[in-house]
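Derivation of every value follows stated rules applied to the coordinates shown; laboratory data play no part. Here the structure is a predicted model, which means the values were calculated and not measured. In this analysis, Cβ positions are derived from the backbone assuming ideal geometry, glycine residues included, and neighbour counts consider all displayed protein chains.
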Amino acid sequence: QVRLKQSGGGKVQAGGSLRLSCEVTGIPFNNKVVGWFRQAPEKEREFVAGIIWETHHAEYADSVKGRFTATRGNDVYTAYLQVDSLKVEDTGIYFCAVRLSTPITQRGYDYWGPGTQVTVSS
């Protein structure tokens, strides 16, 4: 009964922003990680960011540091990825995923969302 629902993707111009959402139901969040990944055509899926639910500690890929921010809601089990100063190369399908243990890693996630498309035009 674990479900991940995503929203917030869309089409924006370079330099624009979006707020991606990931609503998770069916599992507790203590000592859990919500990770964010993206995949562009002809590219492998890559790790973008991760957040430890209990502590709010977040880590980011070098390519997005200073531009993307991972957060979570206080009273609802929804994670967010704020994506600012978007570049054309940020285009891709963005997935959220849940890992059932800490620390934040780039592999080993147990549940995956359906993805949401982010398209950045020049």
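Quick notes on this structure:
- The stretch 8-47: C-alpha gyration tensor shape, a/c 1.5 cut-off, then a/b vs b/c: oblate
- Cα gyration tensor category, rounded, prolate or oblate, for the chain with a/c compared to 1.5: prolate
- Point-charge dipole on Cβ atoms (K/R +1, D/E -1) for the chain, about Cα centre, debye to 20: 140 debye
- In the chain, excluding the sites themselves, the longest stretch lacking any of the trypsin sites (Lys or Arg not before Pro) that are in a DSSP loop with at most 16 other Cβ atoms within 10 Å is 1-42.
- Considering only the chain, percent of DSSP beta bridges that pair antiparallel, nearest 5: 90 percent
- Fully extending the segment from Arg67 to Lys43 would add 6.5 nm, taking 0.36 nm per residue of separation and subtracting the current Cα-Cα distance.
- Near Tyr94: Cβ cut-off under 15 Å, other residues only, Lys/Arg at +1 and Asp/Glu at -1. The net charge is +2.
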